[in-house]
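Shown next, in structure tokens, is the structure this report addresses.
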2 protein chains.
Amino acid sequence: MITRKEQQTARQQAADMIRQAGIHITDKEADGIEIVDFGLGRLEKEGVQVLTLVQTERISIKVLVLFPNQTEPEHWHPPVGSDPGKEETVRVITGTMYFYVPGENTFKEGFLVKGKEHCYTMRHELVMRPGDQITLAPGVKHWFQARDEGVVLYSFSTVARDAMDQFSDKGIVRVTKVTN
Amino acid sequence: MITRKEQQTARQQAADMIRQAGIHITDKEADGIEIVDFGLGRLEKEGVQVLTLVQTERISIKVLVLFPNQTEPEHWHPPVGSDPGKEETVRVITGTMYFYVPGENTFKEGFLVKGKEHCYTMRHELVMRPGDQITLAPGVKHWFQARDEGVVLYSFSTVARDAMDQFSDKGIVRVTKVTN
């Protein structure tokens, strides 16, 4: 749960970072940036800001923003009905992203969210910089993190059904509640 | 048909325009920019430059470049097997794009390629600037054009099968031949 004021402040900060990354967005798009606290109520530690550019029944194009030292919790995209699940390519626009996927434990540059170590089980680390990208098949667990400077990245995917995403942290609620 | 030298020059120019648009691309990506003359042999008038960022069995993400006064010929994306056809969203990154779709004749700012007027039948004009986008259902005829400054744009789509695209100009061959 976040307050309306927290939402507005985060939205402005995310819009500024996107524009500083050289991406032209309209004011209407900026006003629609989704602030996601995953129901954990501590956005600055675990959360993500999402600008959806395209959402059809077939594809989804988003710009994601991580503030400095913010972590997007570990999750995966399950099958939904006849859809085998979301296939996603992430590509860094600005900043350095610490990205974790299945594989050998090479954990080194990132950090585990304190007290939540058991919710971050993927420890194969990719240090991704502007122009770097990775494509994830449906069902592949992943989480990612920004350090001091924050990150702006693209998510290019098949149709997104965010509310169906599954999380290692069972306390997570994907839909953010906003209070006055 | 274009020469190897024309291809290399166009590739360099396209890479420069993409980078000037603030998009980080790798040298490998720059070297892979596709120069498409549609088999017409006059790239500067009718053609497009294509950088494919993502191509899977489900989605396709491209950066397209039109050089100043270059026109991408009128075409559409037909059904292919069980696929209802490519659904495409184009979004302008830099420059002004003159984009033509079905609808009332509002043709005003663009120009018809001389002697090819019959191959450009869509005359409903959209003048699109950075941050403007449009989503096209499969099968919708469209063509687009740059004026003095050129255009860099994204194409976000379901899986692209470019070789299956259909064109109003029956003289077009989608696969470019390159000679020494």
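The values are calculated or read from the model by the stated rules, or taken from the named source; none is laboratory data. All values reported here derive from a predicted model rather than from experimental measurement. With ideal geometry, Cβ positions are generated from the backbone for all residues, glycine too; neighbour counts draw on all protein chains shown. With ligands, DNA and RNA removed, areas are computed over all heavy atoms of the protein, side chains included. Shrake-Rupley method; radii C 1.70, N 1.55, O 1.52, S 1.80 Å.
Data overview
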{"read-out": "Residue match in the range B:156-175 (condition: within 13 Å of another protein chain (Cβ to nearest Cβ), within 22 Å of B:GLY22 (Cα to Cα) and open to solvent by 40 Å² or more (accessible area, probe 1.4 Å))", "value": "no"}
{"read-out": "Residue check, A:GLN145 touching a Gly at 6+ places or on another chain (Cβ under 8 Å), of a type in the set (S, T, N, Q) and closer than 30 Å to B:THR52 by Cβ", "value": "yes"}
{"read-out": "Qualifying residue in the range A:127-139 (condition: in contact with a Gly (Cβ under 6 Å, 6 or more places away or on another chain), more than 11 Å from chain B (Cβ to nearest Cβ) and open to solvent by 10 Å² or more (accessible area, probe 1.4 Å))", "value": "yes"}
{"read-out": "Residues satisfying the stated conditions in the range A:91-102, i.e. touching an Asp or Glu at 6+ places or on another chain (Cβ under 9 Å) and either open to solvent by less than 10 Å² (accessible area, probe 1.4 Å) or more than 19 Å from A:ASP16 (Cβ to Cβ) (or both)", "value": "A:ARG91, A:VAL92, A:MET97, A:TYR98, A:PHE99, A:TYR100, A:VAL101"}
{"read-out": "Selection from the range A:68-86 of residues that are over 17 Å from A:GLN166 (Cα atoms) and surrounded by fewer than 19 Cβ atoms within 10 Å (Cβ to Cβ)", "value": "A:PRO68, A:ASN69, A:SER82"}
{"read-out": "Within the range A:107-119, considering residues that are assigned to a loop (DSSP other than H, G, I, E, B) and open to solvent by 40 Å² or more (accessible area, probe 1.4 Å), the one farthest from the other protein chains (Cβ to nearest Cβ)", "value": "A:GLY115"}
{"read-out": "First in the range A:96-117 and farther than 18 Å from A:GLU46 by Cα, second anywhere and aromatic (Phe, Trp, Tyr), Cβ under 9 Å, 6 or more apart", "value": "A:PHE107/A:TYR100"}
{"read-out": "Pairs where the first residue, in the range B:151-177, is in a strand (DSSP E or B) and the second is open to solvent by 30 Å² or more (accessible area, probe 1.4 Å) and aromatic (Phe, Trp, Tyr), C-beta under 8 Å, 6+ apart", "value": "B:GLN166/B:TRP76"}
{"read-out": "Among the residues listed as B:THR89, B:THR106, B:THR94, B:THR121, the single one being under 14 Å from the mean Cα position of the chain (by Cα) and among the polar types (S, T, N, Q)", "value": "B:THR89"}
{"read-out": "Number of the condition not met by A:ASP148 [criteria: (1) within 30 Å of B:PRO84 (Cβ to Cβ); (2) open to solvent by 50 Å² or more (accessible area, probe 1.4 Å); (3) among the charged types (D, E, K, R)]", "value": "(1)"}
{"read-out": "Subset of the range A:64-106 that is β-branched (Val, Ile, Thr) and part of a loop (DSSP other than H, G, I, E, B) - its residue that is farthest from the other protein chains (Cβ to nearest Cβ)", "value": "A:THR106"}
{"read-out": "Test: residue in the range B:17-36 that is under 24 Å from A:ILE59 (Cα atoms) and in a strand (DSSP E or B)", "value": "yes"}
{"read-out": "Residue check, A:THR26 touching a Gly at 6+ places or on another chain (Cβ under 6 Å) and closer than 26 Å to A:GLU6 by Cβ", "value": "yes"}
{"read-out": "Residue that is most open to solvent (accessible area, probe 1.4 Å), among those in the range A:1-21 that are without any contact (Cβ under 8 Å) to a residue 60 or more places away in the chain and within 14 Å of chain B (Cβ to nearest Cβ)", "value": "A:ARG19"}
{"read-out": "Count - residues of the range A:24-67 that are open to solvent by 40 Å² or more (accessible area, probe 1.4 Å), acidic (Asp, Glu) and more than 28 Å from A:VAL113 (Cβ to Cβ)", "value": "3"}
